[in-house]
1. Here are some residues: 45, 19. Which one is open to solvent by less than 100 Å² (accessible area, probe 1.4 Å), at pLDDT 70 or above and small (Gly, Ala, Ser)?
2. Please enumerate the residues belonging to segment 79-105 that are of a type in the set (Asp, Glu), part of a loop (DSSP other than H, G, I, E, B) and under 20 Å from the mean Cα position of the chain (by Cα).
3. Based on this model, can you work out whether residue 92 counts as in contact with a helix residue (DSSP H, G or I) (Cβ under 7 Å, 6 or more places away or on another chain), open to solvent by less than 40 Å² (accessible area, probe 1.4 Å), under 30 Å from residue 192 (Cα atoms) and at pLDDT below 95?
4. For the structure I just gave you, tell me whether residue 158 is closer than 24 Å to residue 72 by Cα, at pLDDT below 90, under 14 Å from the mean Cα position of the chain (by Cα) and open to solvent by 20 Å² or more (accessible area, probe 1.4 Å).
5. Does residue 25 satisfy the condition of being at negative phi, outside any loop (DSSP other than H, G, I, E, B) and either at pLDDT below 95 or not hydrophobic (A, V, I, L, M, F, W, C) (or both)?
6. Out of curiosity, is residue 63 open to solvent by 20 Å² or more (accessible area, probe 1.4 Å), closer than 29 Å to residue 178 by Cβ and at pLDDT below 95?
7. What pairs come out if I take residues in segment 58-72 that are without any contact (Cβ under 8 Å) to a residue 24 or more places away in the chain and pair them with residues that are among the hydroxyl-bearing types (Ser, Thr, Tyr) and open to solvent by less than 100 Å² (accessible area, probe 1.4 Å) whose C-beta lies under 7 Å away, six or more apart or interchain?
8. What is the residue count in segment 76-108 for residues that are under 15 Å from residue 120 (Cα atoms), hydrophobic (A, V, I, L, M, F, W, C) and either in contact with an Asp or Glu (Cβ under 6 Å, 6 or more places away or on another chain) or free of Cβ contacts under 8 Å to residues at least 60 places away in the same chain (or both)?
Amino acid sequence: MRFATRAWKELVTALLLAGIGVPVLVSGMEATTVKQLSLEQMVRGAHRIMLGRRVSQETYWNKNRTRIYTATRFAVTEDLKGEFRETATVVTVGGTVDGMTLVVSGTPSFREREEVLLFLEAGKSGHWILMGLSQGMFRITADRQGVRTAYHASSGLHLIPGSPESSPQTPIPNRVALDRLLSRIRQLVGNSGK
């Protein structure tokens, strides 16, 4: 019993060090544990940063029918980093197919026609994946005067701070004026080069 517990802790530690999320139970709620990223780390590590609006979604099984994926297609309104393309398809783990549902805590769902800001990494199969799970997504809303606000969609995550030498420089805000956030991202992209 003791060996199994130690082996489990070693496995979780290895997965965290590799940057892989681990589902855990936190305060009675299911969450996925991932390393907390700063805005600077997100901008530096993302292969693509874009504003877009959801236009379609498809959920499907993997080849072995052991995992469900959701491919969400976005009409791109602005690329802040990476090569401009009119559309982008983001693949996430989870969804519902044939009456079966797979839910992965920390993986956001995208609402119909929703506008979002995404930090993306290139996936192995040529598709895009969210950086840091839901850390890589901001939902965009507008008030009656047309002022747009970005809301960080990091729900379902248990964030582990990085080491002191790599501690976040700018915490990712939960809510911020979109223009202010975009200005900061453009500045960081300009400093690091596209």
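1. Numbers: 19 fails: at pLDDT 70 or above.
The match here is 45.
2. Going through segment 79-105, the residues of a type in the set (Asp, Glu) turn out to be 79, 83, 86, 98.
Narrowing the set further to residues that are part of a loop (DSSP other than H, G, I, E, B) leaves 83, 86, 98.
Passing the criteria: only 83.
3. On the way: in contact with a helix residue (DSSP H, G or I) (Cβ under 7 Å, 6 or more places away or on another chain): no; open to solvent by less than 40 Å² (accessible area, probe 1.4 Å): yes; under 30 Å from residue 192 (Cα atoms): yes; at pLDDT below 95: yes.
In short, no.
4. Values: closer than 24 Å to residue 72 by Cα: no; at pLDDT below 90: yes; under 14 Å from the mean Cα position of the chain (by Cα): yes; open to solvent by 20 Å² or more (accessible area, probe 1.4 Å): yes.
No.
5. Details: at negative phi: yes; outside any loop (DSSP other than H, G, I, E, B): yes; either at pLDDT below 95 or not hydrophobic (A, V, I, L, M, F, W, C) (or both): yes.
It is true that residue 25 is at negative phi, outside any loop (DSSP other than H, G, I, E, B) and either at pLDDT below 95 or not hydrophobic (A, V, I, L, M, F, W, C) (or both).
6. Details: open to solvent by 20 Å² or more (accessible area, probe 1.4 Å): yes; closer than 29 Å to residue 178 by Cβ: no; at pLDDT below 95: yes.
So residue 63 fails the test.
7. Pairs found: 62/69.
8. Number of matching residues: 6.
The values are calculated or read from the model by the stated rules, or taken from the named source; none is laboratory data. Since this is a predicted model, take the numbers as computed values, not measurements. Backbone-built Cβ (ideal geometry, glycine too); neighbour counts: all protein chains shown. For the accessible areas, the whole protein counts, side chains as well, though only heavy atoms, and no ligand, DNA or RNA atoms are used. Shrake-Rupley method; radii C 1.70, N 1.55, O 1.52, S 1.80 Å.
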